[in-house]
Amino acid sequence: MDDPTTHDAVNPDLADLEPSPEVMAALGRQTLDKVLAHVAGVETMPVRGDMDATALCRELEAQGPPEHARPLDALLETVVDQCVPRSFTTISPGYLAFVPGGGLYSAALADLVSNVTNRYSGVWAAAPAMIQLESNVLRWLADWMGYPSEARGLLSTGGSLANLAAIVTAREERLGPDIRPGVIYTTTETHHCVAKAARLAGVQPDRVRALKPDGRFRMDVDVLQAAIADDRRAGLRPFLVVSSAGTTNTGAVDPLRAIGEVCKREGLWHHCDGAYGAFFHMVPELRALLPGLDETDSLTLDPHKGLFLPYGTGAVLVRDGEALRRAHAATADYLPPPADAFYDPSQYGPELSRDFRGLRLWLPFQLHGVARFREALAEKRELAVDCARRLAEIPGLVLDAEPELSLFPFHVEWPGSSVAEQSDASRELMERVTARGRVMVTGAEVGGRYLGRVCVLCFRTHARHIDMAVDDFAAATAELLAERGVGA
Ligand SMILES: *Cc1c(COP(=O)(O)O)cnc(C)c1O
């Protein structure tokens with residue numbers, strides 16, 4: 001076990017919970033050097049990482065708590081050199097799997113400031129000016145989404161909890177206390193966190209409809225209408241439609257305007273899950289890709305995807321900000337009264353003490369300028385369109401839908417192949433492309449078949465990385481088809 005005479009003696013300053021300014025500076029520099037060396041190598045790291053981690057996990061599992069101080073360099077080495085490489089390289093420009101983001105360095109600096117200053121950003125009265133920065137950021141997000149001035153929002157830890165806050169708000173507004181008859185409408189393509197949030201919000205799985213989408217994986221408004229009518233006839237209370245502004249599986253954007261019209265006519269709340277795609281609405285030239293997004297009752301955004309922030313930042317906006325407040329307001333005798341004239345986070349969400357998420361958005365916006373974010377989003381969209389066009393030219397690859405935003409599905413197909421053979425080959429293709437090490441891609445089961453997908457959203461991804469992806473797809477597809485005896 002730890003021998004205090006070695007560690008505490010070697011590193012006497014580290015044993016102190018209050019290191020001197022010199023020691024803090026040295027620790028900071030050491031940490032910075034380590035992470036910057038990691039980032040400097042990002043282009044050449046295998047994008048999937050070395051996922052053979054079982055032995056290391058067993059070794060780590062056996063470790064007990066350290067009783068005495070240890071030197072930072074050894075600890076950084078464990079984390080950055082041993083644990084980190086055994087993970088998907090989500091910061092890589094070649095990461096085209098799931099939904100990328102990348103993790104802006106400037107947001108990490110914001111976290112450093114937040115964590116070192118460690119002021120209390122749970123209630124307005126404890127740090128009014130800091131919370132004003134967060135409130136400003138939410139105001140900007142609302143403006144970019146076309147929401148009105150009375151809209152309010154919340155920075156959550158991610159899209160899942162943003163969806164939860166929205167579902168709870170819709171439930172309170174449209175059902176009140178009698179929630180058992182309430183029904184929520186989604187599609188089979190809706191992110192699974194919506195069904196989970198519904199359950200956490202007290203809406204049981206038998207009250208969540210996963211409707212069959214249309215041929216382009218979008219919510220079918222006729223199917224929605226019919227389902228609402230069926231449930232009304234059965235004595236139930238339809239209260240919420242959750243649409244998607246870019247599904248995770250295929251990037252499909254539901255017909256938001258038409259869904260909104262149904263909701264208005266039927267008295268339902270329209271929540272849109274824009275965790276993947278809503279930030280494209282920031283870009284004026286791309287706004288037409290998301291018609292009706294600005295008319296929804298509430299909207300989930302995921303800054304750790306579309307704004308490239310490190311994981312741990314989601315957001316929800318609610319058109320009628322008072323509704324979000326009514327669903328979450330709470331106070332206690334020991335706390336100062338909540339602010340009325342200013343935004344008070346604890347009154348709009350489930351948390352009390354929380355990290356100061358606002359600075360993670362505020363500092364990058366200020367430091368880079370918002371124009372850079374719009375340019376990056378427009379670039380990702382263009383890259384995806386270009387990538388889709390070039391993949392469609394590869395013999396044996398068939399697009400299942402054009403990219404509506406920056407994500408598109410496709411599959412392997414050859415004359416006489418069955419859907420099962422195509423699914424197997426598509427799965428194999430994603431694996432082989434990823435195994436080449438330069439890009440990572442993942443597919444999804446959609447409507448009973450397996451589809452490949454490419455999602456471009458990392459801020460580091462540029463044209464040369466798409467060139468690499470296209471080359472690797474072309475080579476791997478040719479290889480697969482040759483093995484199946486298909487002439488090119
Ligand atoms: C990523 C995603 C979510 C979940 O968000 P988390 O931030 O992972 O909690 C929900 N919906 C969609 C469409 C997503 O892409």
Select the helices (runs of 4 or more DSSP H) contained entirely in the stretch 1-88, then report the ones holding at least 2 residues which are modelled with pLDDT of 95 or more and small (Gly, Ala, Ser).
21-40
Against the condition closer than 24 Å to Glu172 by Cβ, more than 12 Å from the ligand (Cβ to nearest atom) and not aromatic (Phe, Trp, Tyr), how does Ala275 come out, does it pass?
no
Go through (1) out of contact with any Asp or Glu (no Cβ under 6 Å at 6 or more places or on another chain); (2) surrounded by 24 or more Cβ atoms within 10 Å (Cβ to Cβ); (3) over 18 Å from Ile167 (Cβ atoms) and name the single condition Pro310 misses.
(2)
Matching entry among Met430, Met440 (being crowded, with 17+ Cβ neighbours inside 10 Å and touching a residue at least 40 places away in the same chain (Cβ under 8 Å)):
Met440
When the stretch 342-393 is examined, which residues are found to be surrounded by 19 or more Cβ atoms within 10 Å (Cβ to Cβ) and assigned to a loop (DSSP other than H, G, I, E, B)?
Tyr343, Asp344, Tyr348, Gly349, Phe356, Arg357
Being at pLDDT 95 or above, part of a loop (DSSP other than H, G, I, E, B) and either within 16 Å of the ligand (Cβ to nearest atom) or under 19 Å from Val318 (Cα atoms) (or both), is that true of even one residue in the stretch 227-245?
no
Do you know which residues across the stretch 134-159 are within 12 Å of the ligand (Cβ to nearest atom) and assigned to a loop (DSSP other than H, G, I, E, B)?
Thr157, Gly158
What pairs come out if I take residues in the stretch 470-486 that are within 19 Å of Ala392 (Cβ to Cβ) and pair them with residues that are at pLDDT below 95 whose C-beta lies under 7 Å away, six or more apart or interchain?
Ala478/Ala488; Leu481/Ala488
Lone qualifier among Glu375, Glu295 - being closer than 30 Å to Ala474 by Cβ and of a type outside the set (A, V, I, L, M, F, W, C):
Glu375
Of the residues in the stretch 160-217 that are of a type in the set (Ser, Thr, Tyr) and not in a strand (DSSP E or B), the one that is surrounded by the most Cβ atoms within 10 Å (Cβ to Cβ) is Thr169
Kindly check whether there is at least one residue in the stretch 331-340 that is part of a helix (DSSP H, G or I) and either touching a helix residue (DSSP H, G or I) at 6+ places or on another chain (Cβ under 7 Å) or under 24 Å from Cys458 (Cα atoms) (or both).
no
Quick check on my filter: what residues within the stretch 369-391 are in contact (Cβ under 8 Å) with a residue 40 or more places away in the chain and under 21 Å from the mean Cα position of the chain (by Cα)?
Val370, Phe373, Arg374, Ala376, Leu377, Ala378, Glu379, Lys380, Arg381, Leu383, Ala384
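The values are calculated or read from the model by the stated rules, or taken from the named source; none is laboratory data. In this text, all values refer to a predicted model and were calculated from it rather than measured experimentally. FYI the Cβ positions are ideal-geometry reconstructions off the backbone, even for glycines, and counts take in every protein chain you see.
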